[in-house]
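Right, one structure below, let's go through it.
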Amino acid sequence: MSEYLPVIYLSVLLILLSGTALFLLRQVFKTRQVESTFSRLQKKLQKEKGTAKEYYELGSIYLDKKLFVQAINLLQKALKTDEEIEPENKALIYNALGYAYFSQEQYELAIRNYKEALKLYPEYAIALNNLANVYERKQMAIKALETYEETLKFEPNNAVAKRRAESLRKRFVSSN
């Protein structure tokens, strides 16, 4: 048995290293793809007017990079394009704008954009969760709980809404 121990050890080590190498390669390819898209869209939109989808896509990349001011500008341009945007897609843009404002602690603007998204797409669970999160940050616990419960009407298994609503209910019970 002891003569097989080094072989077993090396095999396990080789498997772990292979798994790590595959993970790193995937991350490198994913990052290169995002950076390629970022570069292509930046160049295109500097030269000519783009589509709502292109502005949204580039704005989303800026959000991922935590460059919120640039993201807001691009997302607003996406809304101002002349093309007709489907309500669900427009809701995505408003939600992204809300997130950008929320990240800058501009809570009133975030609320306004989340509500705009919900006007266009009332069952939009992510926007509902984001709105509830803003209400929590603003110490508006009752509104936050109501909004999380609204999310659960549309998505009964929404983990975020379940967890946060339960936490807020416990807070109300313990404070009474």
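Considering only alpha-carbon pairs that sit under 8 angstrom and 6 or more positions apart, the relative contact order computed for the chain is 11 percent.
Here, P(r) means the percent of Cα pairs in each 5 Å bin from 0 to the largest distance; for the stretch 37-122 it is 3, 17, 26, 25, 17, 9, 3, 0.
Quarter the surface of the alpha carbon convex hull of the stretch 1-155 and you get the mean projected area, 14.1 square nanometres.
As a ratio to 2.2 N^0.38 Å, the alpha-carbon radius of gyration computed for the stretch 103-176 takes the value 1.07.
Taking the protein heavy atoms of the chain in the context of the full set of protein chains, the accessible area attributed to carbon and sulfur is 57 percent at 1.4 Å.
For the stretch 65-103, trypsin sites (Lys or Arg not before Pro) are listed when DSSP marks them as loop and at most 14 other Cβ atoms sit within 10 Å of their Cβ; the list is K65, K66. Pairs exceeding 31 Å between alpha-carbon atoms, taken from K49/K143; K30/K170; K65/K90; K90/K170; K43/K80; K138/K162: K49/K143; K30/K170; K90/K170. The tail of the calculated P(r) for the stretch 69-112, taken as Cα-Cα distances beyond 14 Å, holds 47 percent of the pairs.
For the residues L13, L25, L75, a GNM of the chain with alpha-carbon springs under 10 Å puts the largest fluctuation on L13. Probing with 1.4 Å while keeping every protein chain in the model, the per residue accessible area of the chain equals 66 Å². Measure out, as a whole number of angstrom, how far apart the alpha-carbon centroids of the stretch 16-90 and the stretch 103-126 sit. So the two Cα centres are separated by 20 Å. Taking chymotrypsin sites (Phe, Trp or Tyr not before Pro) across the stretch 1-67, the ones in a DSSP loop with at most 11 further Cβ atoms lying within 10 angstrom of their Cβ are Y4. Each stretch of four or more DSSP H residues adds -39500 (n - 2.57); spread over every residue of the chain, this sum gives -27500 deg cm²/dmol at 222 nm. The alpha-carbon positions of the stretch 1-60 define a convex hull whose volume is 63 Å³ per residue.
In the stretch 61-129, Cα pairs under 8 Å separated by at least six residues give a relative contact order of 28 percent.
The values are calculated or read from the model by the stated rules, or taken from the named source; none is laboratory data. Since this is a predicted model, take the numbers as computed values, not measurements. Ideal geometry is used to build each Cβ from the backbone, glycine not excepted, and the neighbour counts take in all protein chains shown. Each accessible area value is taken on the protein alone, full model and side chains, heavy atoms only, with ligands, DNA and RNA left out. Shrake-Rupley method; radii C 1.70, N 1.55, O 1.52, S 1.80 Å.
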